[in-house]
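See below for the structure under consideration.
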Amino acid sequence: MSLSNSIKDKDLASHLHPFTNLARHQDVGPFVIERGEGIYVFDDQGRRYIEAMSGLWSAGLGFGEKRLVHAATRQLEKLPYYHSFTHKAHAPAIELASKLAELAPGNLNHVHFTNSGSEANDTVVKMVWYINNALGRPQKKKFLARQHGYHGSTVASASLTGLPASHRDFDLPAIPVRHLTAPYFYRFGLPGETEMEFSARLARQLEDTILAEGPETIAAFIGEPLIAAGGVIPAPAGYWSYVQDLCRRYDILLVADEIITAFGRLGTMFGSEYYGFQPDIMVLSKQLTSSYQPLAAIVISDALNEVLVENSGKIGTFAHGFTTTGHPVATAVALENIAIIEERGLVAHARDLGERLQAGLRQFSSHPLVGDVRGAGLVSGVELVADKHTKAAFERRGDLGAYVFRRAHEHGLIIRSIYDTIAFCPPLITTDEQLDVLLDAFSRTLDDAAKWVETEGLK
Ligand code: PMP
């Protein structure tokens, strides 16, 4: 048996260790994707799917952008690798840092590269601690984050993540962090409460937490402008301006984890721009290279950079970095990726297409299974419930979502189920016609789901 024929063989695939239910993975074997083209991917049986999640919220330019391939091969031929230790650099990293400084709002002008979003958030934690030590405030070390937030899988970033499965049996959190209530208006808004009132209530909770812990112990607040992996939770009206004001008042750094929301995803270049706040630190990845290469970037303000520079002068080095920090191929691909986004006006396209996506999904609001349709720009979530009037969730949480996830494949659609919330995050290059096909495939999936709920007697 050749490798390609046997690749789905579950014994062979059991050597591979993905982020999933490992027991199920060993049981059924993986769903093997073989190639990509535009917004589509093809499985090993040649079946075509609309990739309505851009992979992991990341392949903004889809799966067949030749200019990114050429940028990578050109760089591989010229300088396939070099590092950035001991005062070395290369053109793609220098140019990309300068491009990101130009794009990032306010005085966010200094860039540190890592390979993944998780490493970037771990780096943020270390930088913030280093800065507060340098400033002579060694007590100011705690992070504030939110339940439902996702910040990664490494030790510090998974500690910041507010999802129980990221902590359980991993002995996390391992850093000082307090998780606040998620700004999840559909679930946590009180009857009769407006979004503004809900945001004001969360702001009071935030201030109470700061005062109870002591502002002199809180270093930073980290949040995704729109919570994505934790259930597609857009910020309610007023939320970010309350958070920003409190951070300023108590001298707490505001970190925007823009790993999903940057580069047009919400119809603006950055998610913080969409919500109208100015972070002190911004973390970027995913759509930075459309994930054709692993790369993340931390963009920090002039003021913070000054402290880093001065302190590392004192110590003799800034002892943090990786073998492949600012990898030349990854940074060359990122430059080309951003050039394409700009040339093709994809941020404006995402804004227009996002309005069509949100409106298209809102049409399903009257469907008996649909409790809530929410999102911003090209990220959307449809929460399925057992009783749309009481908002009661299904007793066996996630079973219906898992059915919808599998069933959508039959209709040529890849979405993601987060328990019973169905997530959409299509590539920025999706056309209006393709969006119509996507919505039609989802409509048919939802009808199948209603029948399945009946026959299974799901409650
Ligand atoms: N932060 C956010 C907001 C993310 O969505 C992700 C990835 N889903 C990460 C951090 C972690 O990035 P990575 O998987 O590249 O480590």
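The values are calculated or read from the model by the stated rules, or taken from the named source; none is laboratory data. None of these values were measured; they are calculated from a predicted model. Cβ coordinates were reconstructed from backbone atoms using ideal geometry, including for glycine residues, and neighbour counts include every protein chain displayed. Keep in mind that these areas ignore ligands, DNA and RNA; they rest on the heavy atoms of the full protein, side chains included. Shrake-Rupley method; radii C 1.70, N 1.55, O 1.52, S 1.80 Å.
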Within the stretch 95-114, does at least one residue satisfy the condition of being in contact with a helix residue (DSSP H, G or I) (Cβ under 9 Å, 6 or more places away or on another chain), more than 16 Å from the ligand (Cβ to nearest atom) and either in the same structural domain as Thr445 (by TED's automatic domain parsing) or more than 26 Å from Phe277 (Cα to Cα) (or both)? yes
Going through (1) away from the ligand (no atom under 12 Å from the Cβ); (2) open to solvent by less than 10 Å² (accessible area, probe 1.4 Å) one by one, Val232 fails only at (1)
Would you mind stating whether Ile338 is within 16 Å of Phe113 (Cβ to Cβ), surrounded by 13 or more Cβ atoms within 10 Å (Cβ to Cβ), assigned by TED's automatic domain parsing to the domain that holds His110 and touching a strand residue (DSSP E or B) at 6+ places or on another chain (Cβ under 6 Å)? no
Is there a residue in the stretch 310-323 that is of a type in the set (A, V, I, L, M, F, W, C), in contact (Cβ under 8 Å) with a residue 12 or more places away in the chain and within 16 Å of the ligand (Cβ to nearest atom)? yes
Applying the selection to the stretch 278-296, what residues are of a type in the set (Gly, Ala, Ser), surrounded by 24 or more Cβ atoms within 10 Å (Cβ to Cβ) and either within 12 Å of the ligand (Cβ to nearest atom) or assigned to a strand (DSSP E or B) (or both)? Ser285, Ala296
In this structure, does Ser84 turn out to be farther than 28 Å from Phe318 by Cα, touching a Ser or Thr at 6+ places or on another chain (Cβ under 6 Å) and either more than 16 Å from the ligand (Cβ to nearest atom) or open to solvent by less than 70 Å² (accessible area, probe 1.4 Å) (or both)? no
Filtered residues of the stretch 41-73 (kept if among the aliphatic types (A, V, I, L, M) and within 22 Å of the chain's Cα centre (by Cα)): Val41, Ile50, Ala52, Met53, Leu56, Ala59, Leu61, Leu68
Unique residue being surrounded by 16 or more Cβ atoms within 10 Å (Cβ to Cβ) and not hydrophobic (A, V, I, L, M, F, W, C) when the list is Gly64, Gly106: Gly64
Given the conditions (1) within 12 Å of the ligand (Cβ to nearest atom); (2) open to solvent by 10 Å² or more (accessible area, probe 1.4 Å); (3) closer than 24 Å to Phe143 by Cα, which single one is not true for Glu273? (1)
The stretch 338-358: number of residues that are assigned to a helix (DSSP H, G or I) and over 18 Å from Glu102 (Cβ atoms): 11
When the stretch 185-228 is checked residue by residue, the ones that are within 16 Å of the ligand (Cβ to nearest atom) and either touching a His at 6+ places or on another chain (Cβ under 6 Å) or open to solvent by 20 Å² or more (accessible area, probe 1.4 Å) (or both) are Ile227
It is to be established whether one or more residues within the stretch 297-309 are closer than 30 Å to Tyr82 by Cα, within 16 Å of the ligand (Cβ to nearest atom) and hydroxyl-bearing (Ser, Thr, Tyr). no
Of the residues that make up the stretch 385-399, is at least one part of a helix (DSSP H, G or I) and surrounded by 15 or more Cβ atoms within 10 Å (Cβ to Cβ)? yes
Select the helices (runs of 4 or more DSSP H) contained entirely in the stretch 157-267, then report the ones holding at least 1 residues which are over 28 Å from Ile131 (Cα atoms) and in contact (Cβ under 8 Å) with a residue 12 or more places away in the chain. 185-188, 195-213
So in the stretch 135-153, with the set limited to residues that are open to solvent by 50 Å² or more (accessible area, probe 1.4 Å) and within 11 Å of the ligand (Cβ to nearest atom), which one is farthest from Pro173 (Cα to Cα)? Tyr150
